[in-house]
Structures are given as C-alpha cells and as structure tokens.
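For reference, the structure discussed in these notes is given below.
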Number of protein chains: 2
Amino acid sequence: MNAQFKKGVLEMCVLVLLGERDRYGYELVQDISHRFEISEGSIYPLLRRLRDEGSVVTYLQESAEGPARKYYSLTEKGGIVRDDLVAEWQEFAAAVNGLVKGEKHAEG
Amino acid sequence: MNAQFKKGVLEMCVLVLLGERDRYGYELVQDISHRFEISEGSIYPLLRRLRDEGSVVTYLQESAEGPARKYYSLTEKGGIVRDDLVAEWQEFAAAVNGLVKGEKHAEG
DNA sequence: TCGAGGTATCTTGCATTGCAAGATAGTGAA
DNA sequence: TTCACTATCTTGCAATGCAAGATACCTCGA
C-alpha cells in the first residue's frame, strides 16, 4: 500500500473513529488495519500530536488482558477539525476521481 | 487545500493525464489546477523524477507564445506504474469512504 | 520456572513529497 | 522600457508515515 496516499488521511480517520466512541491506541491500530495497512509507529506519534493540539483528551483505564489502556476522547475542537478534514477529503477525492475517469471539469 | 492529501496522488494524476496525450509542464500545472490547487514547485521536480525513473520521456518543441516547451510522453513502464497507482488509489479511497461513512468493513 | 505470544505504549531517525520563494528567459502589448 | 503572460528550473523547508527497537503486563503451556 502506497504510504504517500495515507498522509493526512490517517489523521482524519482517527478523528472520525473517535467521534463514534472513545478508543485506545492499540484498538485504533486494529480497527484501521481492517480497512487498510497501518503501523503503530504512525498512530502513536499522531495521537500525541492530536492531544497537543487539543483535538483529543486522554484517560487511563485498567485492563485484565494486559497493561493499562490510554483512551482517547474527541473534544469539541477535534470535532470541528474532523468535519473540516472530511469536507476537504470528499471534495479532493471527487476531483481526483473526475480526473482519473477523464471527465470534463465543471469549474475554471 | 490540505497539502498532505496530495502526496502520491499528484504523481498518479500526472501519469493519467500523460496517458491521454503528451503535455508540457506548464500545461499540466494548469490542467490539474482546474481540479485542485497545485503549484509549479511541485510539478517540475516530480516530472524530473518521473523521467529519471523511466516513466516518461521528453522532447522540446518551439512555441510562438513564449520559450520552448518541454513535452512529456508516457512510456510503457509509465503506463504500468499509472495502472498500479490508480488501482491502489481506488481501493484506498473506497476503504476511507467506508470508514468515514461508518460502514462495517467486509474483510478481516 | 521459563519462554512464547498477545496486549499495550512509546521513541528515534529516516524517506518521501508538496510547497514557497526565487532565478532565468522568451514574447508581445501598453 | 515596463509589464504581464508564458515557460522552465532549483533550493531548502515542513509535514507525516514507517521501520525498528525498547519497555512492560498478562496468560498459557512445556
């Protein structure tokens, strides 16, 4: 899988999933991996950045199956960022698909 | 427009457009700009890389409207790269759209 | 007891790529 | 001669995904 395609999109995917419900990092890795290949080395630094930017907040929760899990929860600000990214993504993806399919572009 | 979304996709777009017909760099900038924002500083280094990799070949052609144009022509190898990228893109975009729409994923 | 494997988090350094900014130069019109 | 449009190219930066490795908890089987 082309790693370049994921740039920026991974952030959007994480915010969308956290908008559904709180999740912990390892869980995000697995959930996203069901859709497309992703590595832990991408998720953890991203989650840290999202927290630093105020898009998510975290809390620890004990687990019987291993070490404590760090859950991530979407903030109001994170919801706005998510909505902006999703809108941009959909517009961009539509433009690219139009180009690939050889459609004449409307604007310009 | 989120610059990250374009990573990798720009290469695919250039190869698709060159698959339709030969184009020169400035023309590619304008054609793609009709779909989404793009800058010359992205296109020219990309075209050089594609030539170095053997995906395109170039030839000069005089112009009455300005300096000579450098036309780019897709090679057979470039066509294969294009097809691979398009297939990967479509699979990836479908996976992302499914995630954004909250659809249950089929595989896994 | 010891090791393996699954769970769970984190860091470092690298590779890739789009972009801003600037340089260069031909053409034609004001 | 000055401006705008056409046309190409380079340099250095910023952003982000990833490989690789470290740490540590838990359970199960040999």
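Here are some notes:
- For chain B, the longest principal axis of the alpha carbon atoms and the long axis of helix B:76-100 meet at an angle near 40°.
- In the context of the full set of protein chains, residues of chain B present 54 Å² of accessible surface per residue (probe radius 1.4 Å, heavy atoms only).
- Angle between chain A longest axis and helix A:40-52 axis [Cα atoms, degrees, rounded to 10]: 90 degrees
- Charge context of B:L74, other residues only, Cβ under 14 angstrom, K/R +1, D/E -1: -2
- P(r) tail fraction, chain B - alpha-carbon pairs more than 15 Å apart, %: 67 percent
- Under 13 Å, Cβ to Cβ, from B:F5 - net charge with Lys/Arg +1 and Asp/Glu -1: 0
- Spatial offset of the range B:17-63 relative to the range A:58-108 amounts to 30 Å, using the alpha carbon center of each.
- Chain A against chain B buries an accessible area of about 3500 Å², both chains summed, 1.4 Å probe radius.
The values are calculated or read from the model by the stated rules, or taken from the named source; none is laboratory data. Because the structure is a prediction, the values reported are computed rather than measured. Reconstructed Cβ throughout: ideal geometry from the backbone, glycine too, with neighbour counts over all protein chains shown. SASA here: full protein model, heavy atoms, side chains in, ligands and nucleic acids out. Shrake-Rupley method; radii C 1.70, N 1.55, O 1.52, S 1.80 Å.
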